[in-house]
Amino acid sequence: MTVRRVAVVEGEPAVAEVIRKALAEEGLACELCESAEQGTKLAGEPSVGALLLGLRLRDRSGLEVLRAIRERRPALRVIALGNASEQDLILEALRRGASDYLAKPIHEEELRLAVRRALDATETASRHAALCASLESLADALAGLGAAPESQDALAADLAETAGLVLGATRTSVLLADEEGALRIAAIRGGDHSAAELGRVAIDDSVAGLALAAGDGLWIDDMDRDPRCAGRARRGRYASRGALLVPLRGASGALGVLCATERPDSNPFVAEDLLLARLLALSLAPRFEALLAKSPPADEGNADEALRVELARGIAGALTAEVEPVPLLHAALGRIAELLEADPVSLYLVDAHGGELALESSGASTRPDRARLPRDRGLLGDVLRTGRLVALERPEDDAQFAADVDTPEDGAAGPLYCVPIAIRGRVLGAARAFIPAGRAPAPRTGEVIATALSAAVRNVLLYRSLLDSIDDLARARREASDRAGPIQGDPRR
């Protein structure tokens, strides 16, 4: 849900009209509320991303309205409006949860800047909450699937149902590769047609075929305008033009495609949804391959599958329980360390200034990892360059191994997971885990770690961007205040 509407609850009609006109010039939809009751009701609508609240209203105290809004929708950013002489009232509003304030008379540029920051902050908070809820739903769904069904079509039906619940899509489908080099629709959820009625899909000229070749899947806002879809058949199956398509891949190659589209109220998919779909596909692909081969994959038995579910659940728990970067990453890496019995487990991000990799966080460990690493040598350098993960029992036997890069600080080599941290196809860093000697790392487990930690890092970057935005706003205010000179009684002084 895009949260770009602005609501104004202000007891002075002239002030409210100034606000409406100033925001209209910026293309922002602004709705003036005639009463506190109307404003409180409007604030509960998900598309409202900022509320400007006068602290002296005709029918109710502005502080009472603020309390009601915070109880109803705590993620909504509220900007308090007050006169410079109302310092105590403004400070009380900030104590009760207002994210910002503007002093009357309203400065139009300051108004626009504050509103845009509030809209961005509300959208970030809303997407964070939605991602946490979806990750919890995903972990619960994977844990509840139990043993694989007896047929690929039965498993496809489970996958389509689970994807619909996790992604909030009203129509989902699973297409599986057949022996004739095409994709057959094995299961479909929602819509007016059964899988049998829709038949097969050619790989060469279909959007599903395009997704089959995509490493990370496709996130499409508009199929009619996306150049990747030009000349590829949609067959008119879906009314919606936005879709997520994620390949199902096993050790033997491409198995099929998971598709999701048509969300309620035409809400578009976002980047987090693609990560969720990838996690779901990674978790269930081994089951499809096992059914295809009529036996469990060589390195992916039931214990490994249960481990991957627990890894996804553990990192999802960290995303749900923590917001600030340091405890969030520490909790996620700590869960990996616990489940894999790994020591150390570390996450590195590219330093924008020096170009090296800087240690961002480590899980609870007894062996320290290196504080900084080069980005162009060793197995780690290959992960950063190619975006491919490393899962090796004896990494020192690989030709690209570098002892001063691909080992912890003590220099002891051992079984290694090294996975890329990527957001929208751009590799921003890497995470690695050293597991006990004698164990063979499973590549699919590494894929789950990479996808889940990439989602965690994206949350961290969004949070830091929000803090930077707040700092930018404070700096702009100080500069504007310095130019205008001090205002008697202004609580900013």
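The values are calculated or read from the model by the stated rules, or taken from the named source; none is laboratory data. Computed from a predicted structure; not experimentally measured. With ideal geometry, Cβ positions are generated from the backbone for all residues, glycine too; neighbour counts draw on all protein chains shown.
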Considering only the stretch 1-52, state which residues are closer than 20 Å to residue 105 by Cα and part of a helix (DSSP H, G or I). 13, 14, 15, 16, 17, 18, 19, 20, 21, 22, 23, 24
Filter the stretch 137-162 for residues that are among the polar types (S, T, N, Q) and either over 14 Å from residue 186 (Cα atoms) or buried (at least 18 other Cβ atoms within 10 Å of the Cβ) (or both); the one that is modelled with the highest pLDDT is 162
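Every residue, every condition in (1) within 27 Å of the chain's Cα centre (by Cα); (2) in contact (Cβ under 8 Å) with a residue 60 or more places away in the chain; (3) surrounded by 14 or more Cβ atoms within 10 Å (Cβ to Cβ); (4) not assigned by TED's automatic domain parsing to the domain that holds residue 326, yes or no:
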| site | (1), (2), (3), (4) |
| --- | --- |
| 347 | yes, yes, yes, no |
| 353 | yes, no, no, no |
| 375 | yes, no, yes, no |
| 380 | yes, no, yes, no |
| 389 | yes, yes, yes, no |
| 401 | no, no, yes, no |
| 405 | no, no, yes, no |
Go through (1) surrounded by 18 or more Cβ atoms within 10 Å (Cβ to Cβ); (2) modelled with pLDDT under 80 one by one and return the number of the condition residue 175 breaks. (2)
Would you mind stating whether residue 44 is touching a helix residue (DSSP H, G or I) at 6+ places or on another chain (Cβ under 8 Å), in contact (Cβ under 8 Å) with a residue 24 or more places away in the chain, buried (at least 21 other Cβ atoms within 10 Å of the Cβ) and among the small types (Gly, Ala, Ser)? no
Being modelled with pLDDT of 85 or more and among the basic types (Lys, Arg) is the filter here; which residues of the stretch 427-467 pass it? 432, 439
Pick from 116, 127, 112, 184: which is more than 30 Å from residue 54 (Cα to Cα), basic (Lys, Arg) and at pLDDT 75 or above? 184
Kindly evaluate residue 438 against the criterion of being part of a loop (DSSP other than H, G, I, E, B) and more than 22 Å from residue 249 (Cα to Cα). yes
For residue 272, are the conditions met, namely being at pLDDT 75 or above, surrounded by 12 or more Cβ atoms within 10 Å (Cβ to Cβ) and in contact with a Phe, Trp or Tyr (Cβ under 7 Å, 6 or more places away or on another chain)? no
Quick check on my filter: what residues within the stretch 260-275 are farther than 20 Å from residue 455 by Cα and in contact with a strand residue (DSSP E or B) (Cβ under 8 Å, 6 or more places away or on another chain)? 261, 262
What helices (runs of 4 or more DSSP H) lie completely within the stretch 66-182 and have 1 or more residues being outside the structural domain of residue 241 (by TED's automatic domain parsing) and closer than 27 Å to residue 281 by Cα? 108-145
Looking at the structure I just gave you, is residue 427 touching a helix residue (DSSP H, G or I) at 6+ places or on another chain (Cβ under 7 Å), crowded, with 22+ Cβ neighbours inside 10 Å, closer than 23 Å to residue 461 by Cβ and touching a residue at least 12 places away in the same chain (Cβ under 8 Å)? no
Residue 289 vs (1) closer than 21 Å to residue 187 by Cα; (2) surrounded by 16 or more Cβ atoms within 10 Å (Cβ to Cβ); (3) at pLDDT 75 or above; (4) within 27 Å of the chain's Cα centre (by Cα): all pass except (4)
Single unsatisfied condition, residue 375 versus (1) basic (Lys, Arg); (2) part of a helix (DSSP H, G or I); (3) within 21 Å of residue 461 (Cβ to Cβ): (2)
